[in-house]
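Here is the structure we will look at.
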Amino acid sequence: MEHNLIIGCKKQNRQSQQAVYQQLAPKLFALTKRYLKKEEDREEVLADAFFTIFTKIDQLKDFEAFEAWAKRITVNQCLLYLRRNVNFNLYIEDIPSQNQPLQEEATELETQDLLNLLDYLPEGCKVVFSLFVIEGYSHKEIAEALQITEGTSKSQLNVAKTKLKNRVQSLYYQKAQS
């Protein structure tokens with residue numbers, strides 16, 4: 001990100017804010033897909049994230065860290081939304097399994113396929129998996145962020161891994177054998 005754009009945002013210059021939004025919005029929107037299933041929820045969280053970015057930009061000390069800082073704000077906005085709207089303490093057995101086929105035919109597992117597979121997980125599993133595997137949070141950090149126990153975090157991760165493994169085996173390895 002260009003330093004002059006960040007300086008412009010600190011001065012609340014609308015053109016600078018628009019330029020930053022246009023550059024960052026696609027990346028941050030893709031990030032919200034790891035946590036939220038509905039597009040309208042993602043859009044709401046993205047709007048909240050940019051509001052926070054533009055109102056707290058004075059707290060940013062290192063211009064080089066701007067994008068990482070914006071991503072962290074977006075993840076935190078996703079978590080805030082989920083804490084308000086998702087019960088992470090539901091028993092995993094109570095959540096019906098979603099057996100919908102993938103939209104694309106493929107023989108190799110690619111990054112987008114993995115992200116699509118996350119949509120087949122129950123919401124709690126998806127969030128914990130994304131935080132632990134993709135973002136690198138510890139179970140303690142996840143528990144604090146979602147206001148759940150570390151045991152619940154570990155359980156959700158274990159269920160997510162099992163469901164993903166089963167899904168990959170049923171979708172990809174059966175196709176490869178036929």
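The table for this structure:
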read-out	value
Filter result for GLU43 (surrounded by fewer than 16 Cβ atoms within 10 Å (Cβ to Cβ) and closer than 18 Å to ILE134 by Cβ)	no
Residue selected from the stretch 147-168 under the condition under 22 Å from LEU114 (Cβ atoms) and in contact (Cβ under 8 Å) with a residue 60 or more places away in the chain, by the criterion surrounded by the fewest Cβ atoms within 10 Å (Cβ to Cβ)	SER155
Check on LEU60, under 22 Å from GLY8 (Cβ atoms), outside the structural domain of GLU123 (by TED's automatic domain parsing), at pLDDT 95 or above and surrounded by 13 or more Cβ atoms within 10 Å (Cβ to Cβ)	no
Residues being farther than 15 Å from TRP69 by Cα, in a helix (DSSP H, G or I) and not charged (D, E, K, R) - total across the stretch 8-18	5
Residues located in the stretch 22-71, provided they are aliphatic (A, V, I, L, M), in contact (Cβ under 8 Å) with a residue 12 or more places away in the chain, assigned to a helix (DSSP H, G or I) and out of contact with any Ser or Thr (no Cβ under 8 Å at 6 or more places or on another chain)	LEU24, ALA25, ILE53, ILE57, ALA70
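The values are calculated or read from the model by the stated rules, or taken from the named source; none is laboratory data. The shown structure was predicted, so the numbers you read here are calculated from the model rather than taken from an experiment. As a convention, Cβ positions derive from the backbone with ideal geometry for all residues, glycine included, and neighbour counts pool all protein chains shown.
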